[in-house]
Amino acid sequence: SLAIGFLEQDGLINLDDKISKYFPEELKSQPNENMRNQTIRHMLMMSTAIPVRYWLYPRIEDRVKFYFENDTKQYRPSGTTFEYDSEGSFIMGALVERVTGKRLMEYLREKCLDKIGFSKEAYTLTCPGGHSWGDSALICTAQDLAKAAQFTLKNGSWDGEQLLNADYVKKATSKQ
């Protein structure tokens, strides 16, 4: 979410953009309009168009493609139902990589991690398809996590410098 906030702050995305704007090829064979119409905001809020599928079961070659070619028959309009959705969070990391042309950690380091003293050794694992496993495979220290939490508690500010839009952080951490 922090990386998405920086994308929005830099004018590279709008939270109300449809995710299909950024993944047209992956959605080419997806017939369901609910998948095509879900927005970045809905994905951040974990109110996506599909029930969660466990992606580790099948042997997949590309996790992004697996998400968008979802063949479930249980679609719903995005924004209507909360369901914890790690896959949607993963797609947000892939969106950062697609828009910036940089690895998720590289982008976050430039934007805030280096400034807040995140360890240089921290990294994310890589998923099938080559994308950063941004939803649950950040390898870092407990101190790194504490610094990220402190950055968030300070509404995107560090050492008196506002790095990330405070309004974005407040909304991202409030009940929706």
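In a residue-by-residue description of the stretch 12-29, the property of being under 23 Å from S136 (Cα atoms) and over 14 Å from the mean Cα position of the chain (by Cα) applies to at least one position.
The one condition from (1) in contact (Cβ under 8 Å) with a residue 60 or more places away in the chain; (2) under 16 Å from the mean Cα position of the chain (by Cα) that I60 does not meet is (2). In the stretch 65-84, the residues that are under 15 Å from Q38 (Cα atoms) reach residues that are open to solvent by 40 Å² or more (accessible area, probe 1.4 Å) and of a type in the set (K, R) with C-beta atoms within less than 8 angstrom, at least six apart or across chains, in these pairs: N70/R53; G79/R41.
Selection over the stretch 7-64 of residues that are in a helix (DSSP H, G or I), polar (S, T, N, Q) and either at pLDDT below 90 or surrounded by fewer than 13 Cβ atoms within 10 Å (Cβ to Cβ) (or both) gives a count of 1.
The values are calculated or read from the model by the stated rules, or taken from the named source; none is laboratory data. Here the structure is a predicted model, which is why all the values come from computation and not from measurement. Cβ sites come from the backbone with ideal geometry, for glycine too, and all protein chains shown count toward neighbours. What goes into the accessible areas is simple: the full protein's heavy atoms, side chains included, and nothing from ligands, DNA or RNA. Shrake-Rupley method; radii C 1.70, N 1.55, O 1.52, S 1.80 Å.
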